[in-house]
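S.K.: Submitted below is the structure of interest, expressed as structure tokens.
The values are calculated or read from the model by the stated rules, or taken from the named source; none is laboratory data. Computed from a predicted model, the values in this text were never measured in an experiment. All Cβ positions, glycine included, derive from the backbone under ideal geometry; neighbour counts span all protein chains shown. What goes into the accessible areas is simple: the full protein's heavy atoms, side chains included, and nothing from ligands, DNA or RNA. Shrake-Rupley method; radii C 1.70, N 1.55, O 1.52, S 1.80 Å.
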Amino acid sequence: MANPKFVPIFAEPIERYRSLLPDEYEELEAAARWAKERFAGRAIWNISSTARGGGVAEMLRCLLPYARDAGVDVRWVVLREGAEFFAVTKRLHNHLHGDRGDGGALDDGAAQLYESVLRANSDALGPQMQSGDVVYLHDPQTAGMIPALRERGLKVVWRCHIGIDHPNDLARGAWDFLRPYVEQANAYVFSRPDYVWDGLDRNKVWCMPPVIDPFSPKNQDFAPEVTDAILKAIGLVADGLAGAPVFERADGTPGRVERKATILQDEELPEDARVVAQVSRWDRLKDPHGLLTMLAEHLDDPGVHLLLAGPDSAGVADDPEGAAVYEDVEETWRGLDPERRRRAHLLSLPMHDIEENGAMVNAIQRRA
């Protein structure tokens with residue numbers, strides 16, 4: 001039975017952007033006033049497949065609190081479904097990138113499962129929605145909800161965050177699978193013009209690039225001693241400078257990195273190492289094996305270390321392949337010759353506290 005979960009959203013002050021956007025701040029304020037008036041008495045819903053891990057969750061987590069501060073009733077709901085459903089949506093995700101993924105088919109059986117699960121979620125949420133509300137459905141995991149929500153008289157926008165510059169037959173097959181649902185949306189939003197599918201009504205297409213929040217712990221300025229203290233706290237280095245592993249939370253309160261990462265390494269990162277890092281989900285499309293191969297075949301400098309960091313796969317609900325990909329990467333790591341393996345570090349970062357996780361990523365990127 002469908003059991004979608006509401007993600008709490010707490011307002012963050014738009015005022016903090018005044019110092020960053022001195023010339024554009026009045027325009028931002030005007031847009032906030034317009035949105036408050038335009039959507040008075042209405043809600044803007046965002047429905048996605050997970051509240052943590054991946055770019056969609058990160059963007060919603062940073063954008064929606066500012067809309068809430070502007071006086072707009074924004075809401076965020078995530079699907080809570082089983083492995084069978086997410087296996088189909090991961091297959092769609094891979095095919096949209098032109099990759100075979102698990103090798104399974106997008107056949108009638110997959111379509112029936114996909115449609116029945118999303119119809120049940122639409123039925124569960126529909127009674128809480130009112131005419132005039134706007135619903136943003138994010139990525140292929142939610143596109144199948146479009147027909148049922150349109151039947152209720154809602155305005156529905158499908159937001160596609162992924163795509164491929166040069167589509168192949170796999171990508172076009174995924175388009176065909178999703179097209180009967182997607183075409184019924186009031187509008188489509190893509191991250192790049194090159195990602196827009198052939199055959200969609202161009203009058204309904206908008207393009208909006210991804211965003212970051214400069215005030216999130218992932219993007220704050222850290223002094224070198226703070227960076228080193230965080231890397232020591234997670235277990236990557238032996239010693240930190242005389243600093244504390246601290247950061248500022250989104251609400252302005254102090255935070256501290258206290259959890260350790262799960263790290264696979266023969267030795268801790270040397271102080272004088274030069275670091276090449278990748279931070280991503282444990283996903284074949286990110287090609288962590290390719291980076292390990294690059295280390296094995298090309299990075300001969302003994303001072304160069306490779307650091308592969310991703311989320312603890314148990315903390316990303318909509319990615320059933322994450323644990324298997326990590327296991328494959330671990331096997332590749334163990335097969336490296338000892339000298340190369342000494343210079344490769346695999347980190348799984350805890351996801352219990354999203355802001356603490358962001359501070360860890362920040363420190364890793366600053367060290368790289």
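S.K.: Taking the Cα centre of segment 249-332 as origin, sum charge times position over the Cβ atoms of Lys and Arg (+1) and Asp and Glu (-1), and report the length of that vector in debye to the nearest 20.
M.R.: The dipole magnitude comes to about 480 debye.
S.K.: A further question on this structure: Per the helix-only calculation at 222 nm, which mean residue ellipticity applies to the chain, given -39500 (n - 2.57) for every DSSP H run of n ≥ 4 and division by its residues, nearest 500 deg cm²/dmol?
M.R.: Theoretical 222 nm ellipticity from helices: -11500 deg cm²/dmol.
S.K.: Could you point to the residue in 14, 34, 50 farthest towards the positive end of segment 1-60's charge dipole, with +1 and -1 charges on the Cβ of Lys/Arg and Asp/Glu respectively?
M.R.: Final value for the positive-end residue is 50.
S.K.: Another one. Give me the one-decimal Kirkwood hydrodynamic radius in Å for the chain, with the sum taken over alpha-carbon pairs.
M.R.: 22.3 Å
S.K.: Here's another thing I want to ask about it. Label residue 293 and residue 21 with points 7 Å out from Cα along Cα→Cβ: what is the distance between them in nm?
M.R.: Each label point is offset 7 Å from its Cα along the Cβ direction, giving 4.3 nm.
S.K.: Can you compute the modelled spin-label distance between residue 238 and residue 337, with each label point 7 Å from Cα toward Cβ, in nm?
M.R.: A separation of 2.5 nm, rounded to one decimal place.
S.K.: Taking all protein chains as present, what is the carbon and sulfur share of the accessible area of the chain, in % to the nearest whole number, probe 1.4 Å?
M.R.: C and S atoms contribute 50 percent here.
S.K.: Could you pull out every residue, at least 5 positions away or on a different chain, whose amide H is within less than 5 Å of the one on residue 189? Hs are placed 1.01 Å off N in the peptide plane, and Pro or chain starts have none.
M.R.: Counting only residues 5 or more places away or on other chains, the set is 158, 159, 160, 206.
S.K.: Under Stokes-Einstein, with the Kirkwood radius over Cα pairs standing in for Rh, what whole-number D in µm²/s applies to segment 47-119 at 4 °C and 1.567 mPa s?
M.R.: Value of D from the Cα-based Kirkwood radius: 91 µm²/s.
S.K.: Taking segment 158-260, which GluC sites (Glu not before Pro) meet the DSSP loop condition and have no more than 13 other C-beta atoms within 10 Å?
M.R.: 258
S.K.: Of 121, 106, 153, whose Cα points farthest to the positive end of the dipole of segment 94-200 (charges on the beta-carbon: +1 Lys, Arg; -1 Asp, Glu; origin at the Cα centre)?
M.R.: The residue sitting most towards the positive pole is 153.
S.K.: With a Cα-only, solvent-free Debye model of segment 258-305, what are the log10 I(q)/I(0) values at q = 0.17 Å⁻¹?
M.R.: For the requested q values the scattering log ratios are -0.66.
S.K.: In Å², and per residue, what accessible area does segment 30-176 have when probed at 1.4 Å with the other protein chains present?
M.R.: 41 Å²
S.K.: Moving on. Counting only C-alpha contacts under 8 Å and six or more residues apart, can you give the relative contact order of the chain as a whole percent?
M.R.: RCO, the chain: 15 percent.
S.K.: Then there is this: Given charges of +1 on the Cβ of Lys and Arg and -1 on the Cβ of Asp and Glu, with all other atoms neutral, how large is the dipole of segment 1-128 about its Cα centre, in debye to the nearest 20?
M.R.: Dipole size: approximately 340 debye.
S.K.: Here's something else I'd like to know. When N is the residue count of segment 1-147, what does its C-alpha Rg come to as a fraction of 2.2 N^0.38 Å?
M.R.: 1.22
S.K.: Moving on to the next point. Provide the per residue accessible area, probe 1.4 Å, for segment 249-340, rounded to a whole number of square angstrom.
M.R.: On a per-residue basis, 53 Å².
S.K.: List the residues, sorted by chain then number, that are 5 or more residues from residue 275 or on another chain and whose placed amide H is less than 5 Å from its amide H.
M.R.: 305
S.K.: How big is segment 5-58 on each of its three principal axes, counting only the C-alpha atoms and giving the largest first in Å?
M.R.: Principal extents (largest minus smallest coordinate, Cα): 37, 28, 16 Å.
S.K.: Can you tell me the length gained on complete extension of the stretch residue 63 to residue 131, counting 0.36 nm per residue apart and subtracting the Cα distance?
M.R.: 22.1 nm
S.K.: Inverting the mean 1/r over all pairs of different Cα atoms, compute the Kirkwood radius of segment 130-250 and quote it in Å.
M.R.: When all Cα pairs of segment 130-250 are included, the Kirkwood radius is 17.6 Å.
S.K.: Which order do peptides 321-327, 266-272 fall in by mean Cβ count within 10 Å, highest first?
M.R.: 321-327, 266-272
S.K.: Moving on to the next point. Just to confirm the filter: which trypsin sites (Lys or Arg not before Pro) across segment 46-88 are DSSP coil and have at most 10 other Cβ within 10 angstrom of their Cβ?
M.R.: none
S.K.: What is the magnitude of the charge dipole of segment 105-227 about its Cα centre, with +1 placed on the Cβ of each Lys and Arg, -1 on the Cβ of each Asp and Glu, and no other charges, expressed in debye to the nearest 20?
M.R.: I would put it at about 400 debye.
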